[in-house]
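I have placed the structure first, in the form of structure tokens, so that the comments after it can refer back to it.
The values are calculated or read from the model by the stated rules, or taken from the named source; none is laboratory data. If you're wondering where the values come from, they're calculated on a predicted model, not measured in any experiment. Cβ placement follows ideal geometry from the backbone for every residue including glycine, while neighbour counts extend to all protein chains displayed. These area figures cover heavy atoms from the full protein model, side chains too; ligands, DNA and RNA do not enter into them. Shrake-Rupley method; radii C 1.70, N 1.55, O 1.52, S 1.80 Å.
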Amino acid sequence: MTVATALIPGLDDIVKRGDPRRRGEIARAISELFFQDSANLRPELINLFDNLLIDLVPHAELASRVDLAERFSHLNNAPPHLVNQLARENEIMVAAPVLRRSPVLDDSALVEIARLKGQGHLLAMTERPALSAEITDVLVERGDRDVVRRAAGNAGAVFSPSSYSEMIKRAAQDGVLTLKIGQRRDLSGDHLKELLDGTLDVIRRRLSSVVNPARQVEIKRAMAAIEEAALPPGPRRDFSGAQRTVLALHRGGHLGESALLGFAKAHKYEESIASLSAMSGVRLSVLDRLIAGDRYDPILIVGRVLNLGWPTVRALILLWYGPQRTPTEADIEAARVNFTRLMPTTAERVVNFWRNRQTV
């Protein structure tokens with residue numbers, strides 16, 4: 001430390017009256033002394049360096065400040081006032097290294113900086129190995145798309161329930177954010193359901209393909225709950241007996257159009273829908289909800305994909321009308337014309353979409 005002792009007596013005059021270039025040179029020289037023996041410096045010497053450098057470093061040229069910020073950012077005992085000063089610089093090239101990793105910056109400093117500075121400073125913070133909920137609350141509140149995406153992708157970040165809900169709300173318009181949130185290990189079942197409920201099917205499928213097997217099971221369970229909640233009010237149909245019947249037919253090699261026609265003519269709704277589900281590959285709950293709607297178009301579409309004859313499709317349409325409604329001959333003829341005109345390729349695309357819904 002003899003060199004430092006020799007330099008210090010003249011520093012006060014340099015700080016107060018020296019030209020900026022000279023002050024920058026002195027800042028680099030003193031920083032080098034710090035780096036040479038940083039691991040062995042006592043707290044009072046660190047404070048001495050700190051008091052000197054906070055007046056000198058701001059006058060160093062940009063390249064030197066960037067270099068000093070990078071080097072100080074890796075030290076557990078870096079001068080604390082200097083590190084805070086660097087983190088608050090408007091020049092993001094200087095502030096970013098200490099914001100990304102300096103262990104000297106505490107949560108209160110980071111929260112303050114996050115509230116005052118721009119998106120570049122917030123983006124740098126998202127790369128820290130750990131982020132408390134106090135910090136991420138501000139990042140989610142003030143951050144732009146890139147900041148929130150990066151924060152959501154940080155495995156060391158902790159989010160409050162309110163921040164999670166806000167991110168999920170934003171994810172409804174951001175597929176990348178959806179994927180990042182969906183892969184977080186701390187994502188609760190309720191938040192996963194909330195995330196999927198506002199997500200497009202194509203993003204759901206993508207999410208299901210990139211998460212681990214345990215999360216895939218959670219996604220399927222959440223989607224089943226979403227679909228169940230979307231069903232119209234009233235008593236739910238019990239398909240358990242129909243499924244057993246259809247399974248027995250399938251095992252015996254007797255599940256086909258003939259069996260389906262028999263169920264439809266006998267007005268056995270559950271057996272008819274269970275048969276269509278098994279034959280088309282569309283999940284039963286999805287197919288039931290589609291066919292129970294206010295249009296019989298799904299029957300035409302599935303019938304075209306399965307290459308059913310018109311008598312079978314007609315019987316299914318009559319089943320859809322039910323005993324309380326009687327279609328006119330004109331209604332039935334219109335359905336036949338629509339069925340005839342329906343292109344197989346168009347029907348296949350629609351059914352593939354319905355099939356994919358069960359994979360997420």
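Values for this structure:
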quantity	calculated
Gain upon complete extension [residue 292, residue 101; 0.36 nm per residue less C-alpha separation]	63.1 nm
Largest-first ellipsoid semi-axes for the range 11-148, taking √(5λ) over the Cα gyration tensor eigenvalues, angstrom	28, 16, 12
Table column - 3J(HN,Hα) (Hz), the range 124-131, Karplus curve with 6.51, -1.76, 1.60, x for Gly and Pro	4, 4, 5, 8, 5, x, 9, 9
Accessible area (Å², per residue) of the range 308-360, counting only protein heavy atoms and a probe of 1.4 Å	58 Å²
Amide H partners (placed H, <5 Å) of residue 131, local residues excluded	157, 158
The chain, dipole about Cα centre (Lys/Arg Cβ +1, Asp/Glu Cβ -1), debye to the nearest 20	1580 debye
Scattering curve values for the range 94-177, log₁₀ I(q)/I(0), Debye with Cα scatterers, q = 0.14 Å⁻¹	-0.40
Estimated inter-spin distance, residue 28 and residue 356, nm [label 7 Å along Cα→Cβ]	5.8 nm
Of every Cα-Cα pair in the range 307-360, the percent that sits beyond 18 Å	47 percent
Label zone at residue 134, where the point sits 7 Å out along the Cα-to-Cβ direction: the range 50-89 residues whose backbone N lies under 19 Å	80-81, 83-85, 87-88
Orientation-averaged projected area, Cα convex hull of the range 118-162 (nm²)	2.6 nm²
Packing rank of 252-258, 78-84, where each peptide gets the mean count of other beta carbons within 10 Å, highest leading	78-84, 252-258
Directionally averaged projected area (convex hull, Cα atoms, the chain), nm²	25.8 nm²
Convex hull projection area averaged over all views, the range 237-276, Cα basis, nm²	2.4 nm²
Euclidean distance between Cα centres, the range 288-360 to the range 240-271, Å	18 Å
Residue-span extension gain [residue 91 to residue 257] - 0.36 nm each, minus C-alpha spacing	52.5 nm
Two-site FRET efficiency, residue 265 against residue 324, from Cβ-Cβ distance with R₀ of 25 Å, rounded to 0.05	0.90
Helix-only [θ]222 nm of the chain, DSSP H runs n ≥ 4, -39500 (n - 2.57) each, per residue, nearest 500	-21000 deg cm²/dmol
Extended-chain gain in nm, criterion 0.36 nm per residue less alpha-carbon gap, residue 142 and residue 165	6.8 nm
0 to 90° range, to nearest 10: angle between helix 133-142 axis and the chain longest Cα axis	80 degrees
Crossing angle, helix 62-72 versus the chain [Cα axis fit, 0-90 degrees, rounded to tens]	80 degrees
Most to least accessible of 72, 239 (protein chains only, probe 1.4 Å)	239, 72
Förster radius 25 Å - calculated FRET efficiency between residue 186 and residue 71, Cβ distance, rounded to 0.05	0.15
Among the listed pairs 117/193; 193/268; 169/220, those beyond 24 Å (Cα-Cα)	117/193; 193/268
Heavy-atom accessible surface of the chain: percent carbon and sulfur, 1.4 Å	53 percent
Virtual spin-label span in nm between residue 127 and residue 221, 7 Å along Cα→Cβ	3.8 nm
Cα-projected label distance for residue 244 with residue 209, points at 7 Å along beta-carbon direction, nm	4.0 nm
Accessible area of residue 269 in the full protein assembly, 1.4 Å probe (Å², nearest 10)	30 Å²
Ordering of 35-42, 141-148 by burial proxy (mean other Cβ atoms within 10 Å per residue, highest first)	141-148, 35-42
